[in-house]
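> Sharing a structure with you now.
The values are calculated or read from the model by the stated rules, or taken from the named source; none is laboratory data. Just so you know, these numbers come straight off a predicted model, no measurement behind them. Note that each Cβ is placed from the backbone with ideal geometry, even for glycine, and that neighbours are counted across all protein chains shown. When the accessible area is computed, the model is the full protein with side chains, heavy atoms only, and any ligands, DNA or RNA have been set aside. Shrake-Rupley method; radii C 1.70, N 1.55, O 1.52, S 1.80 Å.
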Amino acid sequence: REYRRLTTTIGLDSNSTELPRIAPRVKLVFIGDGKTLETREVAWNDPPTPIEVDVSGVRELEVRVEPQRETPGVLEHLV
């Protein structure tokens, strides 16, 4: 509860030459004390994106990376 903001930059690992063929996407969800604070979708061709999340008063922070497909695919490496 001592922090007010989480600041980060997100993107997908772009080291594979297979990215255009597979076109991975993930959903990033920030959850504070069981409540969704922020949700972002990240595609393989999105540039690195800075984000800020208000975590004022949050005791427990959970960061989830969820696949956009029913079965998680390859190259879904969020950084």
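> Of all the residues that make up the stretch 4-17, how many are more than 17 Å from residue 67 (Cα to Cα) and open to solvent by 70 Å² or more (accessible area, probe 1.4 Å)?
6
> Only one residue in 42, 53, 58 is part of a loop (DSSP other than H, G, I, E, B), on the phi < 0 side of the Ramachandran plot and surrounded by 15 or more Cβ atoms within 10 Å (Cβ to Cβ). Which one?
Answer to the selection: 58.
> Still on this model: Name the residue, out of 65, 79, 26, that is without any contact (Cβ under 8 Å) to a residue 40 or more places away in the chain and under 10 Å from the mean Cα position of the chain (by Cα).
65
> Could you pull out the residue among 64, 69 that is surrounded by fewer than 14 Cβ atoms within 10 Å (Cβ to Cβ), modelled with pLDDT under 95 and in a strand (DSSP E or B)?
Matching residue, one of 64, 69: 64.
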